[in-house]
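The values are calculated or read from the model by the stated rules, or taken from the named source; none is laboratory data. Keep in mind that this is a model prediction, so the values were computed, not measured. So basically every Cβ, Gly included, is an ideal-geometry build from the backbone, and we count neighbours across all protein chains shown.
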Amino acid sequence: MTTARNRFADAGRLRTARRSAGARTALTGALLAAALLAAGCTGSGASSKGEEAKAPDDPKKVSGSIKVLTHRTDLVQDGTMKKYAAEFNKTYPNVKVEFEALTDYEGEVKIRMNTDNYGDVLMIPAVIKKNDYPKFFASLGSQAERSKKYHFTDFTTVDGKVYGQSPNGVVPGFVYNKRVWEKAGVTDWPTTPDEFLADLKAIKAKTDSVPYYTNFKDMWPLTQWTNVNGSVSCDVQATARLTDSDPWAEGADLRTGDTLLYNIVHDKLIEKDPTTTNWEGSKPKLAKGEIATMWLGSWAITQMRAAAEQAGTDPDDISFMPFPAQVDGKFCATLSPDYNQAVSIHSKHKEAARAWIDWFTEKSGFPADNLTLSPVKGAPLPEVLKPYEDAGVKFLEIDDTKGGVVKEIDKASEVGIYQPDYRQDLVDLARGARKGSVDDFFADLSKRWTDAAKTAGS
């Protein structure tokens, strides 16, 4: 999709393949996946439930060949992952690391999860229920111990054991072209949704830029709006609150974010035709100032700056701002993990697989190479978040203890807060391509969610 910015390459980005050109799984594969998922996607791992991938004591005694499945097609294609493996081999000389990059990672891996063959190390696909992690993955140890050293451990903890570790973390925010915003006369971050809308209107009136770009056609960027949860209320229990409250009640975080998205579209502050948007094409357009703003996350900054370099514009024009809401005069931004790496319960070389995960998390330099958050506690913030740090933005590590229950409610309600569909419907409603009122739209989401919450997770 695009090359990665790190010590081995000049351009950068995070989560490439997940946001690459659309899914290309064959129809038969999709039908097979649907059938397997209907059966619960239990795979054949249940018989091995409870295994552990222990950390090696002596790197020289660790041996074996391991296959790492990854969504980072760019890093495999440009040779970066091989260079990481070469560095790894300086510590673990007897381990051979092979990579398999998958463009439609979720689509392909969810089929493999019904077999014993899904690599030795893999990114945990969203299709696997949290409580089922022990059926598919070997434990990396207790949360009590790992949480002393790493962020995000509760995202993969089941019964006190951790089953995955993200090599980096991100925060949500608006990636924007600072030069365009300043041309419109806006130099301070808006502190309310109304101020944000007013700023977009100023951009429309005083510049030739598209104030906000939806990336509607590529769909996945719309799921990023769920990351307002916690940032609006500045509440580390924001995920837990989704299990026992209405996410679309007045003042709720998701209602606040979805209302802003609706108003942006309704007020015609977006591209002329959302059905023709293009993710890859949007990057150079934002870099050149043809687009002013997109809600994404800190992972996108390096991509936009790389696009600016390629376009011959100033990478420093690309900046980052938090969601326009404050609590006690402070902006808040949630910390969240990227894909979590896990050891397959079927791996014949679990110690070598565990060694790769630990090394990649701690020693590879991957977070710094991609200007993302390190999962190691106490590590410095990346340079791209300096504006947040300077402005005193409060960073929150959301408690994900009830994350599995939230996903069960989401599935039972058929809302899909981690899917793009309902927000595509919201955009269509706002632009007049769908009939109805926004209040009725939110009321329907509320009913489906709260009804599902009464039984899900019980």
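When you go through Gly329, Gly403 one by one, which is the residue that is at pLDDT below 95, among the small types (Gly, Ala, Ser), farther than 26 Å from Lys60 by Cα and surrounded by fewer than 21 Cβ atoms within 10 Å (Cβ to Cβ)? Quick ask: steps written out before the conclusion?
Working: Gly329 fails: at pLDDT below 95.
Going through Gly329, Gly403 in turn, the sole match is Gly403.
Since Arg305 meets every condition but one in (1) charged (D, E, K, R); (2) touching a Gly at 6+ places or on another chain (Cβ under 9 Å); (3) closer than 29 Å to Ser233 by Cβ, which condition does it not meet?
(3)
Report, by residue number, each residue of the range 135-189 that is closer than 25 Å to Lys377 by Cα and among the small types (Gly, Ala, Ser).
Within the range 135-189, Ala138, Ser139, Gly141, Ser142, Ala144, Ser147, Gly160, Gly164, Ser166, Gly169, Gly173 qualify.
For Ala452, work out the one condition from (1) closer than 24 Å to Thr156 by Cβ; (2) assigned by TED's automatic domain parsing to the domain that holds Ile301; (3) at pLDDT below 95 it doesn't fulfil.
Looking at each condition in turn, Ala452 falls short on (3).
Which helices (runs of 4 or more DSSP H) does the range 156-274 wholly contain that include 3 or more residues that are modelled with pLDDT of 95 or more and among the β-branched types (Val, Ile, Thr)?
Details: elements: 178-183, 193-206, 220-223, 238-241, 253-266.
In the range 156-274, 253-266 are the helices (runs of 4 or more DSSP H) which contain 3 or more residues that are modelled with pLDDT of 95 or more and among the β-branched types (Val, Ile, Thr).
Residues checked against (1) more than 15 Å from Met294 (Cα to Cα); (2) outside the structural domain of Ala287 (by TED's automatic domain parsing); (3) among the acidic types (Asp, Glu):
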| position | (1), (2), (3) |
| --- | --- |
| Val162 | yes, yes, no |
| Val175 | no, no, no |
| Lys178 | no, no, no |
| Trp181 | no, no, no |
| Thr192 | yes, no, no |
| Leu197 | no, no, no |
| Leu200 | no, no, no |
| Ser209 | no, no, no |
| Asn215 | no, no, no |
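Among the numbered criteria (1) buried (at least 21 other Cβ atoms within 10 Å of the Cβ); (2) more than 23 Å from Val158 (Cα to Cα); (3) in the same structural domain as Asp258 (by TED's automatic domain parsing); (4) not charged (D, E, K, R), which one does Ser437 miss?
Checking Ser437 against (1) buried (at least 21 other Cβ atoms within 10 Å of the Cβ); (2) more than 23 Å from Val158 (Cα to Cα); (3) in the same structural domain as Asp258 (by TED's automatic domain parsing); (4) not charged (D, E, K, R), the one that fails is (1).
Somewhere in the range 144-161, is a residue among the aromatic types (Phe, Trp, Tyr), in contact with a helix residue (DSSP H, G or I) (Cβ under 6 Å, 6 or more places away or on another chain) and within 20 Å of Ala355 (Cβ to Cβ)?
In the first step, residues of the range 144-161 are kept if they are among the aromatic types (Phe, Trp, Tyr); the result is 150, 152, 155.
Restricting the remaining residues to those that are in contact with a helix residue (DSSP H, G or I) (Cβ under 6 Å, 6 or more places away or on another chain) gives none.
Taking every residue of the range 144-161 in turn, none turns out to be among the aromatic types (Phe, Trp, Tyr), in contact with a helix residue (DSSP H, G or I) (Cβ under 6 Å, 6 or more places away or on another chain) and within 20 Å of Ala355 (Cβ to Cβ).
If we keep just the residues of the range 279-306 that are hydrophobic (A, V, I, L, M, F, W, C) and not in a helix (DSSP H, G or I), which is modelled with the lowest pLDDT? Even if it seems obvious, please write down each step before you answer.
As a first pass, look at the range 279-306 and keep what is hydrophobic (A, V, I, L, M, F, W, C): 279, 286-287, 291-292, 294-296, 299-301, 304, 306.
Within this subset, residues satisfying the condition of being not in a helix (DSSP H, G or I) are 291-292, 294-296.
On the way: Ile291: 98, Ala292: 98, Met294: 98, Trp295: 98, Leu296: 95.
The qualifying residue modelled with the lowest pLDDT is Leu296.
Sort out which residues of the range 266-310 are of a type in the set (D, E, K, R) and surrounded by fewer than 24 Cβ atoms within 10 Å (Cβ to Cβ), and write them in order of number.
Step one: list which residues in the range 266-310 are of a type in the set (D, E, K, R), which gives 267-268, 271-273, 280, 283, 285, 288, 290, 305, 309.
Selection gives Asp267, Lys268, Glu271, Lys272, Asp273, Glu280, Lys285, Lys288, Glu290, Glu309.
Being over 17 Å from Met321 (Cβ atoms) and crowded, with 17+ Cβ neighbours inside 10 Å narrows it down to one of Asp208, Asp244, Asp253, Asp199, so name that one. So that I can check it myself, show each step before the final result.
Working: Asp208 fails: crowded, with 17+ Cβ neighbours inside 10 Å; Asp244 fails: crowded, with 17+ Cβ neighbours inside 10 Å; Asp199 fails: over 17 Å from Met321 (Cβ atoms).
Testing whether each residue is over 17 Å from Met321 (Cβ atoms) and crowded, with 17+ Cβ neighbours inside 10 Å leaves just Asp253.
Just need a number here: residues in the range 317-328 that are more than 18 Å from Ala184 (Cβ to Cβ) and either outside the structural domain of Glu195 (by TED's automatic domain parsing) or part of a helix (DSSP H, G or I) (or both). First the steps, then the outcome.
So in the range 317-328, the residues more than 18 Å from Ala184 (Cβ to Cβ) come out as 322-323, 325-328.
Going one step further and asking which of them are either outside the structural domain of Glu195 (by TED's automatic domain parsing) or part of a helix (DSSP H, G or I) (or both), we end up with none.
Counting residues in the range 317-328 that are more than 18 Å from Ala184 (Cβ to Cβ) and either outside the structural domain of Glu195 (by TED's automatic domain parsing) or part of a helix (DSSP H, G or I) (or both) gives 0.
Report those helices (runs of 4 or more DSSP H) wholly inside the range 39-127 carrying at least 1 residues which are at pLDDT below 95, closer than 30 Å to Tyr418 by Cβ and out of contact with any Phe, Trp or Tyr (no Cβ under 7 Å at 6 or more places or on another chain). Don't jump to the end; show me each part of the working.
On the way: elements: 73-77, 80-91, 105-112.
So the answer is 73-77, 105-112.
Being closer than 27 Å to Ile301 by Cβ and outside the structural domain of Asp317 (by TED's automatic domain parsing), is that true of even one residue in the range 127-148?
Step one: filter the range 127-148 for residues closer than 27 Å to Ile301 by Cβ, giving none.
So far as the range 127-148 goes, no, none of its residues is closer than 27 Å to Ile301 by Cβ and outside the structural domain of Asp317 (by TED's automatic domain parsing).
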